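Asks: Here's a structure for you.
The values are calculated or read from the model by the stated rules, or taken from the named source; none is laboratory data. Computed from a predicted model, the values in this text were never measured in an experiment. Cβ coordinates were reconstructed from backbone atoms using ideal geometry, including for glycine residues, and neighbour counts include every protein chain displayed. Heads up: the accessible areas ignore ligands, DNA and RNA and are worked out on the full protein's heavy atoms, side chains in. Shrake-Rupley method; radii C 1.70, N 1.55, O 1.52, S 1.80 Å.
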Amino acid sequence: MNRRQVLKGAALAASSLAVSRFAGAQGASAGVDARIDVVPGEAIGTIAPEIYSHFIEQLGGVVYDGVWVGERSKIANKNGIRLDFLKAMRAVEAPVLRWPGGCFADSYDWRDGIGPVSKRPNRAAFWDQQEPNRYGLHEFMATCREIGCRPYLAGDLRSMPAREFYQFVEYCNAPAGMLPSNSAAPPAVDTLAGERAANGSPEPFNVEFWGVGNESWGCGGNQTPEEYAGEFRRYSAWLPRYGKEPLKLVAVGPNGDDVDWTRRLFRALAANPEKRHLWGLSVHYYTSGSPSQFAAGDALQYDEGAYYDLLTRGSIMERVVTDHWGAIEENGGQNKVKLVVDEWGAWYGKGTELGPNYNLSQQSTMRDALLSGITLDIFQRHADKVAMANVAQSINCIHSLMLAREDQFTVTPTFHVFRMYLPHKGATAVRAEFTAQAIDNPMAGAPIPVGGNSYLGSLNAVKTLAGLSGSASMRGKTLTLSVVNPHLERAMTTEIAVRGAAVGAVKGTVLRSGDVHDHNDLRIWMRCGRWRRWWGRRVGGGWCMCFRRRV
Ligand code: AHR
């Protein structure tokens, strides 16, 4: 890329620029559509590798079929786990995987999923499902091991007694062998560590991330922030700790921009000075496919207005991050607590499911890729505030990177965005100012409904979308800049000024497609016979995938 780069309509670009020596600031040039000013000397913070994290739960076809096909399946698998899922998760270097939910976690007994398979119960479970418990804790840990990522578990705060929660931690983390008692009692083998060993895992799982409940304002118990604060304190007052690092406990935070929840929660937590166990505040923000109804709208059929409106409402993530950060600071300045956006994505209505039993599965187009870029850029720009983020959910669900049904498998455009953003992972976010004329959102009218399962709230309408957005980071002398051009038709000639440095070699990757409705489809995929080549081939600087045009 040159400093003056034409970014074609509805495209994402990620470029690496080698900064070789210091120089003066660049002046603006005439005839450009947009300008990006990068200031490598102004660091925001280290971009937590965990912001590119993932989430799966027993829901529709996410775990059963998506992740778990069983050891005896004809579908390529590693100990029952779908091989293509593992490969794709490795390709995006997934740092953390959250499980078992989600609303499923709010009534899940972790003990049901351990021990001999033949003895595991078949239970009524959330989402009106029957849960066979074939995929449980040990299978999940094996999934994480195979991917090379760290686990993030959620405890069922709605129905599990506090004792079960600390025994869950003990089962996962108690070391094997003789344990000193830290009392006058003689060392002994921990009984739960022994049970874990008998179930095939002598070595501890060493789980550091623990969700203390999920959506306690909704499916997790319909609680008030004050009620939840009491529960959080009770469940976290003491948990077995092995090793030097404290457990990273994540409290249930708001739905969307419900700042009232955050304020009241922190006020209630501050009423008791014991708050050292809190590491992160969970935030869920979904962008509905419809401006007037939550979890509605079509994943594939949308006109220009709906396209811009969705991206505008998705960009509210910026406000969600800053509002909650502000609310935490207001209440006792507890800004050691970081945000954990452990559910995000575009949530559409019914119509593009993989099949009748694939609840909440939906198609994903280039529009979703752009939303992914906009969202990851927001997290990167707020590297000082966001400690983790988990896309909901990795496969066969709302904003997935992969779709799978039986022996068919494909990746979505969002998968490529996660690959493109890898150079930012763990780098230092630096200030970057984007100047471009904003795009009007004609659909901004009434308040926007937001929700998750069993919650309704609303947000003020937003009238404009940034004409160009992105983020920048430095690693050594390499600057990575990611840019989203949301214009459907308009190429943006953009001048990039790197303040206080001179740019040497430049290389870039662009994700674009002829039609923003383009997507990967399982049937087409099979017809193309390209399933072995799904990693994508680079053609003319863009990713060539087997996209299908619907509209
Ligand atoms: O991701 C789907 C669901 O959305 C999750 O189970 C729940 O936490 C949220 O409401």
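Asks: Just to check your reading of the model, which residue among 443, 388 is assigned to a strand (DSSP E or B), touching a residue at least 24 places away in the same chain (Cβ under 8 Å) and among the aliphatic types (A, V, I, L, M)?
Replies: On the way: 443 fails: assigned to a strand (DSSP E or B).
So the residue among 443, 388 that is assigned to a strand (DSSP E or B), touching a residue at least 24 places away in the same chain (Cβ under 8 Å) and among the aliphatic types (A, V, I, L, M) is 388.
Residues checked against (1) out of contact with any Ser or Thr (no Cβ under 8 Å at 6 or more places or on another chain); (2) within 16 Å of the ligand (Cβ to nearest atom):
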position	(1), (2)
69	yes, no
80	no, no
89	no, no
101	yes, yes
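Asks: Quick check on residue 423: is it farther than 30 Å from residue 106 by Cα, in contact with a strand residue (DSSP E or B) (Cβ under 8 Å, 6 or more places away or on another chain) and open to solvent by less than 10 Å² (accessible area, probe 1.4 Å)?
Replies: On the way: farther than 30 Å from residue 106 by Cα: yes; in contact with a strand residue (DSSP E or B) (Cβ under 8 Å, 6 or more places away or on another chain): yes; open to solvent by less than 10 Å² (accessible area, probe 1.4 Å): no.
Considered against the rule, which asks whether it is farther than 30 Å from residue 106 by Cα, in contact with a strand residue (DSSP E or B) (Cβ under 8 Å, 6 or more places away or on another chain) and open to solvent by less than 10 Å² (accessible area, probe 1.4 Å), residue 423 comes out as no.
Asks: Condition first: of a type in the set (Ser, Thr, Tyr) and either open to solvent by 30 Å² or more (accessible area, probe 1.4 Å) or more than 16 Å from the ligand (Cβ to nearest atom) (or both). Can you find one or more residues in the range 384-403 that meet it? So that I can check it myself, show each step before the final result.
Replies: We begin by selecting, within the range 384-403, every residue of a type in the set (Ser, Thr, Tyr); these are 394, 400.
If we keep only those that are either open to solvent by 30 Å² or more (accessible area, probe 1.4 Å) or more than 16 Å from the ligand (Cβ to nearest atom) (or both) as well, we get none.
No, the range 384-403 has no match at all.
Asks: Collect the residues in the range 78-108 that are under 20 Å from residue 160 (Cβ atoms) and in contact with a Pro (Cβ under 9 Å, 6 or more places away or on another chain), keeping them in residue-number order.
Replies: If the condition is that a residue be under 20 Å from residue 160 (Cβ atoms) and in contact with a Pro (Cβ under 9 Å, 6 or more places away or on another chain), then 98, 99, 108 are the ones that fit.
Asks: Applying the selection to the range 473-506, what residues are in a strand (DSSP E or B), farther than 20 Å from residue 371 by Cβ and of a type in the set (A, V, I, L, M, F, W, C)?
Replies: Within the range 473-506, 474, 479, 496, 497, 498, 502, 503, 505, 506 meet the criteria.
Asks: I need a count of the residues in the range 268-304 that are among the polar types (S, T, N, Q) and touching a Phe, Trp or Tyr at 6+ places or on another chain (Cβ under 6 Å).
Replies: First pass over the range 268-304, keeping only residues among the polar types (S, T, N, Q): 272, 282, 287-288, 290, 292-293, 301.
From what is left, the residues that are touching a Phe, Trp or Tyr at 6+ places or on another chain (Cβ under 6 Å) are 288.
Residues meeting the conditions: 1.
Asks: Still on this structure, I have one more. Being over 28 Å from the mean Cα position of the chain (by Cα), without any contact (Cβ under 8 Å) to a residue 24 or more places away in the chain and over 17 Å from residue 269 (Cβ atoms) is true for just one of 202, 186, 175. Which residue is that?
Replies: Numbers: 202 fails: without any contact (Cβ under 8 Å) to a residue 24 or more places away in the chain; 175 fails: without any contact (Cβ under 8 Å) to a residue 24 or more places away in the chain.
On inspection, the qualifying residue turns out to be 186.
Asks: I'd like to check something: does the range 219-236 contain any residue that is open to solvent by less than 50 Å² (accessible area, probe 1.4 Å), away from the ligand (no atom under 16 Å from the Cβ), assigned to a loop (DSSP other than H, G, I, E, B) and touching a Cys at 6+ places or on another chain (Cβ under 9 Å)?
Replies: No: the range 219-236 contains no residue that is open to solvent by less than 50 Å² (accessible area, probe 1.4 Å), away from the ligand (no atom under 16 Å from the Cβ), assigned to a loop (DSSP other than H, G, I, E, B) and touching a Cys at 6+ places or on another chain (Cβ under 9 Å).
Asks: Could you pull out every one of the strands (runs of 3 or more DSSP E) wholly within the range 123-215 that has 3 or more residues that are open to solvent by 10 Å² or more (accessible area, probe 1.4 Å)? Quick ask: steps written out before the conclusion?
Replies: Values: elements: 123-125, 129-131, 150-154, 209-212.
It comes to 123-125.
Asks: Can you name every residue in the range 67-87 that is touching a residue at least 12 places away in the same chain (Cβ under 8 Å), assigned to a loop (DSSP other than H, G, I, E, B) and over 11 Å from residue 406 (Cβ atoms)? Steps first, answer last, please.
Replies: Of the residues in the range 67-87, the ones touching a residue at least 12 places away in the same chain (Cβ under 8 Å) are 67-70, 74-75, 78-82, 84-86.
Right, trim to assigned to a loop (DSSP other than H, G, I, E, B) and you get 67, 69-70, 74-75, 79-80.
Listed by number, the residues that qualify are 67, 70, 79, 80.
Asks: Out of 352, 410, 375, 414, I need the residue that is in a loop (DSSP other than H, G, I, E, B) and more than 13 Å from the ligand (Cβ to nearest atom). Which one? Steps first, please.
Replies: Details: 410 fails: in a loop (DSSP other than H, G, I, E, B); 375 fails: in a loop (DSSP other than H, G, I, E, B); 414 fails: in a loop (DSSP other than H, G, I, E, B).
The conditions single out 352.
Asks: Still on this structure, I have one more. Can you tell me which residues in the range 237-251 are part of a strand (DSSP E or B), in contact with a helix residue (DSSP H, G or I) (Cβ under 7 Å, 6 or more places away or on another chain) and open to solvent by 40 Å² or more (accessible area, probe 1.4 Å)?
Replies: Of the range 237-251, the ones part of a strand (DSSP E or B) are 248-251.
Okay, now just the ones that are also in contact with a helix residue (DSSP H, G or I) (Cβ under 7 Å, 6 or more places away or on another chain), so 249, 251.
Once the filter is applied, which keeps residues that are part of a strand (DSSP E or B), in contact with a helix residue (DSSP H, G or I) (Cβ under 7 Å, 6 or more places away or on another chain) and open to solvent by 40 Å² or more (accessible area, probe 1.4 Å), the range 237-251 yields nothing.
Asks: Any idea which residue in the range 291-320 is farthest from residue 489 (Cα to Cα), counting only those that are of a type in the set (S, T, N, Q) and under 22 Å from the mean Cα position of the chain (by Cα)? First the steps, then the outcome.
Replies: Residues of the range 291-320 that are of a type in the set (S, T, N, Q), as a first pass: 292-293, 301, 312, 315.
Cutting the leftovers down to under 22 Å from the mean Cα position of the chain (by Cα) gives us 312, 315.
Details: 312: 17, 315: 20 Å.
This residue is 315.
Asks: Just one of the numbered conditions (1) open to solvent by less than 20 Å² (accessible area, probe 1.4 Å); (2) modelled with pLDDT under 95; (3) assigned to a loop (DSSP other than H, G, I, E, B) is not true of residue 327; which one?
Replies: (3)
Asks: Please list, ordered by first then second residue, the pairs with beta carbon atoms under 6 Å, 6 or more apart or interchain, first in the range 157-170 and more than 15 Å from residue 215 (Cα to Cα), second charged (D, E, K, R) and open to solvent by 20 Å² or more (accessible area, probe 1.4 Å).
Replies: Hits for this filter: 162/234.
Asks: Another question, if that's okay. In the range 257-294, what residues are in contact with a Ser or Thr (Cβ under 6 Å, 6 or more places away or on another chain) and either surrounded by 21 or more Cβ atoms within 10 Å (Cβ to Cβ) or modelled with pLDDT of 90 or more (or both)?
Replies: Filtering the range 257-294 for residues in contact with a Ser or Thr (Cβ under 6 Å, 6 or more places away or on another chain) gives 277, 294.
Listed by number, the list holds a single entry, 294.
Asks: Could you please give the count of residues in the range 34-66 that are in a strand (DSSP E or B) and either surrounded by 20 or more Cβ atoms within 10 Å (Cβ to Cβ) or not hydroxyl-bearing (Ser, Thr, Tyr) (or both)? Can you show your working first?
Replies: Our first condition is that a residue be in a strand (DSSP E or B); within the range 34-66, this holds for 34-46, 53-55, 64.
In the following step, the residues that additionally are either surrounded by 20 or more Cβ atoms within 10 Å (Cβ to Cβ) or not hydroxyl-bearing (Ser, Thr, Tyr) (or both) were identified as 34-45, 53-55, 64.
Adding up the residues that qualify gives 16.
Asks: Go through (1) over 26 Å from residue 77 (Cβ atoms); (2) modelled with pLDDT of 95 or more for residue 180 and report which single condition fails.
Replies: (2)
Asks: Check off (1) touching a Cys at 6+ places or on another chain (Cβ under 9 Å); (2) open to solvent by 10 Å² or more (accessible area, probe 1.4 Å) for residue 410 and give me the number that stays unchecked.
Replies: Residue 410 satisfies every listed condition except (2).
Asks: Among the residues of the range 281-290, is there at least one that is in a loop (DSSP other than H, G, I, E, B) and more than 15 Å from the ligand (Cβ to nearest atom)? Don't jump to the end; show me each part of the working.
Replies: So the first thing to find is which residues in the range 281-290 are in a loop (DSSP other than H, G, I, E, B), and the list is 289-290.
Okay, now just the ones that are also more than 15 Å from the ligand (Cβ to nearest atom), so 290.
Yes - at least one qualifying residue is present in the range 281-290.
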